[in-house]
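Peer 1: Supplied in structure tokens, the structure appears directly below.
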Amino acid sequence: MSMTQHAEPAVTTPPASGPKQTDGRTSQRPLALRLLARPEVGVFLGAAAVYVFFLIAAPPVRDGSSMATILYQASTIGIMTLPVALLMIGGEFDLSSGVAVLTSALTASMLTYQLTVNVWMGVVVALIVSLAVGFFNGWMVVKTGLPSFLVTLGTFLILQGANLAVTKLVTTNVATDDISDMDGFDQAKKIFASSFDIGGVQVKITIFYWLVFAAIATWVLLRTKYGNWIFAVGGNKESARAVGVPVTFTKISLFMLVGLGAWFVGMHQLFTFNTVQSGEGVGQELIYIAAAVIGGCLLTGGYGSAIGPVFGAFMFGMVNQGIVFAGWNPDWFKAFLGVMLLGAVLINLWVRQSATRR
């Protein structure tokens, strides 16, 4: 299903000779403008500029192990940024995505330790909880008509309080107990938090997952009916409903995809550190949204890609670790990100205006 219609020129008889006649509707735009119309082009150029900058300013970045660290940092952000970006293309936000990651990790950890069950039991229950949170957010948005900003802000506060209160109630501490000696831990760690050697450099498995998920998300957006539905509901949900798009299913499933991403990242954190601090996760949702916006996704929905947020997450990882490798004060990290965000919004605005100018 395609939501795009092309106007055909009203030409009845082609000219017998001479150059081909065109009007403003049929003239072919220059290649540069057609490239600018792609939402990921601007962030790709920005990511390349940031990379070159830190190659010069921070020589340790040139080392293979340093680049592996940067890509790992980017992957932990990028895995969550992908479903957040799809949700934004669908015209919605999720402010609970940051604490939802922690909720997933806490659920798996406490259930496993307190009930003395196999780690995989905790992993499965955490998945159910994460999907349930996503379903609740989507159902509330669709059924009440409230802005997703307000609904997910409420969920954010609920989860933030529950994470801390339940952890203290169950463990009498602000952190969960170490589960590294529980049954199934080693197998789960291999899947969610292992590393492998490439040319003598240890590379985290999350980098592989990040790229695979990005490829799948790109295929879904560009090659499937569901991808058309995402763009349609983000552009105009009433028009989409009028032509048969299942708006309710699409929006709820997008929120559940965010829950799935939160579960995956939560499992990675749990099996990397063996324990979870209940007060973490606050503020990460802004990082995910910012990376998606820098990647070319519009706050108003209906426009964006899955590749752009990959470069957006890479820029975050590059800046976060590049500042450390350059020996600068890390307190400048958030300021640098703020500049990048504003710059990306302005560049995206200029790109869209240039691409649509006749």
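The values are calculated or read from the model by the stated rules, or taken from the named source; none is laboratory data. This structure is a prediction, so every number in the text was calculated from the model and none was measured. Heads up, the Cβs are rebuilt from the backbone with ideal geometry, glycines too, and the neighbour counts pull from every protein chain shown. The area values use the complete protein model at the heavy-atom level, side chains included, leaving out ligands, DNA and RNA. Shrake-Rupley method; radii C 1.70, N 1.55, O 1.52, S 1.80 Å.
Peer 1: Which pairs break 21 Å Cα to Cα here: LYS225/LYS251; LYS190/LYS334; LYS143/LYS251?
Peer 2: Distance filter (> 21 Å) returns LYS190/LYS334.
Peer 1: Then there is this: What value, in deg cm²/dmol to 500, does the helix sum -39500 (n - 2.57) over DSSP H runs of n ≥ 4 give at 222 nm once divided by the residues of the chain? Let's see the in-between values first.
Peer 2: Values: 14 runs with 243 residues, N = 358.
Rounded to the nearest 500, the figure is -23000 deg cm²/dmol.
Peer 1: Please say if the stretch 195-252 is rounded, prolate or oblate, where rounded means a/c under 1.5 for a ≥ b ≥ c the square roots of the C-alpha gyration tensor eigenvalues, and otherwise the choice is prolate for a/b larger than b/c and oblate otherwise?
Peer 2: prolate
Peer 1: Specify whether the C-alpha gyration tensor of the stretch 121-188 places it in the rounded, prolate or oblate class, a ≥ b ≥ c being the square roots of the eigenvalues: rounded for a/c under 1.5, otherwise prolate if a/b is larger than b/c and oblate if not.
Peer 2: oblate
Peer 1: To continue, here is another question. 5 Å is the cut-off here: which amide hydrogens, built 1.01 Å from N in the peptide plane, fall below it relative to GLY302, excluding neighbours closer than 5 in sequence?
Peer 2: For GLY302, whose amide H was placed from the backbone, the distant partners under 5 Å are GLY90, GLY91, GLY234, GLY235.
Peer 1: Let me ask something additional. Is the stretch 72-115 best put as rounded, prolate or oblate by its Cα gyration tensor, with a ≥ b ≥ c the root eigenvalues, rounded for a/c under 1.5, and otherwise prolate when a/b is larger than b/c, oblate when not?
Peer 2: Numbers: a/c = 3.82, a/b = 1.89, b/c = 2.02.
It comes out oblate by the Cα gyration axes.
Peer 1: Follow-up. With θ set to phi - 60°, apply the Karplus curve 6.51 cos²θ - 1.76 cosθ + 1.60 along the stretch 66-73 and write out the HN-Hα couplings as whole Hz, x wherever there is a Gly or Pro.
Peer 2: Those phi angles translate into 5, 5, 4, 5, 5, 5, 5, 4 Hz.
Peer 1: Tell me the accessible surface of LEU115 in square angstrom (1.4 angstrom probe, heavy atoms of protein chains only), to the nearest ten.
Peer 2: Only protein atoms counted, so the area is about 110 Å².
Peer 1: If you take the charge dipole of the chain about its Cα centre, with +1 on Lys and Arg Cβ and -1 on Asp and Glu Cβ, which of TYR113, LEU286, SER65 is farthest toward its positive end?
Peer 2: The residue sitting farthest along the positive end of the dipole is LEU286.
Peer 1: If DNA, RNA and ligands are ignored and the probe is 1.4 Å, what is the ranking of PHE255, PHE325, PHE249, PHE136 by accessible area, most exposed first?
Peer 2: Final ranking, largest accessible area leading: PHE249, PHE136, PHE325, PHE255.
Peer 1: What's log10 of I(q)/I(0) for the chain at q = 0.09, 0.13, 0.14 Å⁻¹, Debye sum over Cα points only, no solvent?
Peer 2: The computed values of log10 I(q)/I(0) come out as -0.55, -1.06, -1.20.
Peer 1: Could you tally the net charge around ALA313, taking each other residue with its Cβ under 15 Å from the Cβ of ALA313, Lys/Arg +1 and Asp/Glu -1?
Peer 2: Values: positive: LYS204; negative: GLU40, GLU285.
Residues close to ALA313 contribute a combined charge of -1.
Peer 1: What are the ³J(HN,Hα) couplings of the stretch 198-208, residue after residue, when phi is run through the Karplus curve with 6.51, -1.76, 1.60 and θ = phi - 60°? Round to Hz, x for glycine and proline.
Peer 2: 10, x, x, 10, 7, 10, 6, 5, 5, 5, 5
Peer 1: Would you tally the net charge around VAL101, using a Cβ to Cβ cut-off of less than 10 Å, leaving VAL101 out, and scoring K and R as +1, D and E as -1?
Peer 2: Around VAL101, the charge tally is -2.
Peer 1: Please give the helix 307-325 orientation as an angle from the longest Cα principal axis of the chain, in degrees from 0 to 90, rounded to the nearest 10.
Peer 2: The angle comes out at about 50 degrees.
Peer 1: Something else about it: Report ³J(HN,Hα) in whole Hz for each residue of the stretch 148-157, in order, from the Karplus equation J = 6.51 cos²θ - 1.76 cosθ + 1.60 where θ = phi - 60°; Gly and Pro get x.
Peer 2: Calculated HN-Hα couplings, in order: 4, 4, 6, 4, 6, 5, x, 4, 4, 5 Hz.
Peer 1: I'd like to check one number: the per residue accessible area of the stretch 271-323, probe 1.4 Å, reported in Å² as a whole number.
Peer 2: On the way: 1520 Å² over 53 residues.
Computed with neighbouring chains in place, this is 29 Å² per residue.
Peer 1: Taking the chain as the reference, fit the longest principal axis to its C-alpha atoms, fit the long axis of helix 41-57 to the helix C-alpha atoms, and give the angle between the two in degrees, 0 to 90, nearest 10.
Peer 2: 50
Peer 1: Using Cα pairs closer than 8 Å and at least 6 residues apart in sequence, work out the relative contact order for the chain, in percent. Please report the intermediate quantities before stating the final value.
Peer 2: Numbers: 584 pairs, mean separation 122.6, N = 358.
Relative contact order for the chain comes out at 34 percent.
Peer 1: Now, a different point. Calculate how steeply helix 97-115 sits against the longest principal axis of the alpha-carbon atoms of the chain, using the helix alpha-carbon long axis, and give the answer as 0 to 90 degrees to the nearest 10.
Peer 2: Value to nearest ten degrees: 30.
Peer 1: Ignoring ligands, DNA and RNA, please state the percent of accessible area on the chain from carbon and sulfur, probe 1.4 Å.
Peer 2: For the chain, the apolar C and S fraction of the accessible surface comes to 66 percent.
Peer 1: Could I ask something else about it? Can you give the accessible area of MET121, probe radius 1.4 Å, in Å² rounded to 10?
Peer 2: That residue has around 110 Å² of solvent-accessible surface.
Peer 1: Then there's this: How much net charge surrounds PHE249 when only the other residues with a Cβ under 15 Å from the Cβ of PHE249 are counted, with Lys and Arg +1 and Asp and Glu -1?
Peer 2: Net local charge, PHE249 excluded: +4.
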